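Notes follow the structure.
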Amino acid sequence: MEYRQLGASGFMVPVLSFGTGTFARGQNLGFAAVDGEEARRMVDICLDAGLNMFDSADIYSRGTSETILGESIKGRRNKLIISTKGTFRSGRDPNAVGSSRFHLIEAVEGSLKRLGTDYIDVYQLHGFDAKTPVEETLSTLDDLVRAGKIRYVGVSNFSGWHLMKSLAVAGQYGYPRYVVNQTYYSLIGRDYEWELMPLGLDQGVGAAIWSPLGWGRLTGKIRRGQPLPEESRLHTTAAFGPPVDDEYLYRVVDALDEVAAETEKTVAQVALNWLLQRPTVSTIIVGARNAEQLEQNLGAIGWNLTADQVAKLDKASARTLAYPYWHQRQFVERNPAPV
């Protein structure tokens, strides 16, 4: 397993992390539900492969994901890295939402209890709270770091200005800087490259990639002229995932098929390996509905696509940029693209 720095911090993380969004009991909003012995088996497989970072959130299965993760790692907490998130609504109370001092403290304490630990290695705001002053949020995170309850802080689903404003305030008052941005990025979702990647390069914010297979579309099971597989979660989850035009998807999958044949790897492994070669990427969060799928995802490391193969995938997935980014591409002499 390769390890990389988490942004500009001195903390090293594996290039693949395991996302526990499938850890659940009962219905899981169209996703698989993994519990008990199967969850522990997945943790075992990860640790055996050197993948020791596990990501969750307080809203995944209403906290059950964190509970199952805590049960699965009992007795071996010191062998792994825990990453989790808070900010989204977690109850009916008017204050059970956001990044206020009240809610962040409640959220962190709740996560610690469910995870069965006294500290969280990486804590991220799950979304930007425009109704709470940035100073209040950052001072609270500072208190939690000083109390030893969290060690590194980051964000998820922020716009560029949300993140930059927060970094400026952190610098002004000496609060902990965000070192990681948990962000959507895939071969069929390259918006991250427009604003957030250049910001990450400039400010030392690493990327932890969620949904690296484009919300399950780059598994190799979806192709032109074929019906959506019966077991695909897209039947129930497509409406709240990142939108993708069908023709664009098929164009990218065609290119992935070509490269997969050249490398003798799966489509998913090629898509993940492409991400590992992009600037700012510290870790890719992979999920799985079972141990077999997890082991296949682990096959994305230990080799690299050639420059020609990367170029082929870049070309197939290229899209017209939004303004002002398409205009900025005309001034590469002084404002070069990040990749």
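Only one residue in VAL310, VAL339 is under 23 Å from the mean Cα position of the chain (by Cα), under 17 Å from TYR192 (Cβ atoms) and assigned to a loop (DSSP other than H, G, I, E, B). Which one?
Only one candidate qualifies: VAL339.
Do any strands (runs of 3 or more DSSP E) entirely within segment 1-92 hold 1 or more residues that are under 25 Å from THR132 (Cβ atoms) and out of contact with any Ser or Thr (no Cβ under 6 Å at 6 or more places or on another chain), and if so, which?
Filter on segment 1-92 gives 81-86.
Considering only residues that are in contact with a Leu (Cβ under 7 Å, 6 or more places away or on another chain) and surrounded by fewer than 21 Cβ atoms within 10 Å (Cβ to Cβ), which ones fall in segment 268-287?
GLN277, PRO279
Is there any pair with a first residue in segment 119-137 that is over 18 Å from ALA207 (Cα atoms) and a second that is of a type in the set (A, V, I, L, M, F, W, C) and buried (at least 18 other Cβ atoms within 10 Å of the Cβ) whose Cβ atoms are under 6 Å apart and which are 6 or more apart or on different chains, and what are they?
Pairs found: ILE120/ILE82; ILE120/ILE150.
Go through the residues of segment 246-253 one by one and say whether even a single one is open to solvent by less than 30 Å² (accessible area, probe 1.4 Å), over 30 Å from LEU138 (Cβ atoms) and hydroxyl-bearing (Ser, Thr, Tyr).
yes
Might you let me know whether segment 88-98 holds any residue that is touching a residue at least 24 places away in the same chain (Cβ under 8 Å) and touching a strand residue (DSSP E or B) at 6+ places or on another chain (Cβ under 8 Å)?
no
Here is a list: ARG319, ARG334. Which entry is in contact (Cβ under 8 Å) with a residue 24 or more places away in the chain and in a loop (DSSP other than H, G, I, E, B)?
ARG319
Looking at (1) buried (at least 24 other Cβ atoms within 10 Å of the Cβ); (2) within 20 Å of GLN296 (Cα to Cα); (3) at pLDDT below 95, which is the one condition that is false for GLU37?
Status for GLU37: all satisfied but (1).
Could you list, in sequence order, all residues of segment 114-134 that are touching a helix residue (DSSP H, G or I) at 6+ places or on another chain (Cβ under 6 Å) and open to solvent by 60 Å² or more (accessible area, probe 1.4 Å)?
ARG114, GLY116
Scan (1) over 22 Å from the mean Cα position of the chain (by Cα); (2) surrounded by 12 or more Cβ atoms within 10 Å (Cβ to Cβ) for the single condition GLU264 breaks and write down its number.
Here GLU264 clears every test but (2).
Looking at GLN172, GLN203, GLN226 in this structure, which one is polar (S, T, N, Q) and at pLDDT below 95?
Among GLN172, GLN203, GLN226, only GLN226 is polar (S, T, N, Q) and at pLDDT below 95.
Pairs under 9 Å by beta carbon, first residue open to solvent by 60 Å² or more (accessible area, probe 1.4 Å) and modelled with pLDDT of 95 or more in segment 8-33, partner aliphatic (A, V, I, L, M) and assigned to a loop (DSSP other than H, G, I, E, B), six or more apart or different chains?
Sorted first by the residue in segment 8-33, then by its partner, the pairs are ALA8/VAL179; ALA8/VAL205; MET12/LEU6.
Give segment 291-307 a look and list any residue that's assigned to a helix (DSSP H, G or I), small (Gly, Ala, Ser) and either in contact (Cβ under 8 Å) with a residue 12 or more places away in the chain or open to solvent by less than 40 Å² (accessible area, probe 1.4 Å) (or both), or say none.
ALA291
The values are calculated or read from the model by the stated rules, or taken from the named source; none is laboratory data. Please read these numbers as outputs of a predicted model, since none were measured by experiment. Ideal geometry is used to build each Cβ from the backbone, glycine not excepted, and the neighbour counts take in all protein chains shown. Accessible surface areas use protein heavy atoms only, side chains included; no ligands, DNA or RNA. Shrake-Rupley method; radii C 1.70, N 1.55, O 1.52, S 1.80 Å.
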